[in-house]
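Student: Below is the structure I would like to discuss, written out as structure tokens.
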Amino acid sequence: MNNENTTQSTTEPRRWIPASVSLFLESHGISESSAISTVLTVAVLLVGCLSLVSVLVSRGRAASRADEASRELFSARTSANLSILRERFGSLPVAPLIMIRQAQAQFSEGTYDAAKTTCADFLKSYPGHKLAPVAELGLIMCQEATRDSIRFPPPQEPRPPCASMRCQDC
């Protein structure tokens, strides 16, 4: 008996639409295949719309984070504050500007080795960035500031212009 039930269920077509819905479709002259096709199309469109909304929401969040980073960058004054910003917003497009500002603050505070490290990190992380020349200049300035061997001669007293010329009017 179990064999007969199994055989009968495999030969009957599988019904995707409940009988009451099928009767409704028949009474309105709609075939089951077109109803299924319509339902699948609507489902695909809904999934697409939800995906689009999700992308737009995530972009909005990223834009608001970038705005927040820009506001905080404007108000940050010390290298310690800029270090915190670098940790919080290091993955955003404003990160290179944060690094340059941090190196500038470190240089102004007299921590030349830290500024040199920040400039070198910038050049390693963003070698083709439009601020790379600024980082290179920062590196040079830090090297100049930390060299003990560079001694500039004391300024000489200015000489009158005619002392170097042999003019008769002087």
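Student: Working carefully through the options Ser83, Ser108, Ser79, find the one that is of a type in the set (S, T, N, Q) and loosely packed, with under 15 Cβ neighbours inside 10 Å.
Tutor: Selected residue: Ser108, the only one of Ser83, Ser108, Ser79 that is of a type in the set (S, T, N, Q) and loosely packed, with under 15 Cβ neighbours inside 10 Å.
Student: Right, here's the next one. Hey, any hits in segment 35-46 for a residue that's modelled with pLDDT under 70 and among the small types (Gly, Ala, Ser)?
Tutor: Within segment 35-46, not a single residue is modelled with pLDDT under 70 and among the small types (Gly, Ala, Ser).
Student: For segment 119-136, enumerate the residues that are open to solvent by less than 10 Å² (accessible area, probe 1.4 Å) and either under 23 Å from Arg65 (Cα atoms) or modelled with pLDDT under 90 (or both).
Tutor: Listed by number, the list holds a single entry, Phe122.
Student: How many residues are within 16 Å of the chain's Cα centre (by Cα) and polar (S, T, N, Q) when one looks only at segment 69-83?
Tutor: Result for segment 69-83: 1.
The values are calculated or read from the model by the stated rules, or taken from the named source; none is laboratory data. Please read these numbers as outputs of a predicted model, since none were measured by experiment. For neighbour counting, all protein chains shown are included, and Cβ atoms are generated from backbone atoms with ideal geometry for every residue, glycine included. Side chains are part of the model used for accessible areas, which takes the heavy atoms of the whole protein and leaves out ligands, DNA and RNA. Shrake-Rupley method; radii C 1.70, N 1.55, O 1.52, S 1.80 Å.
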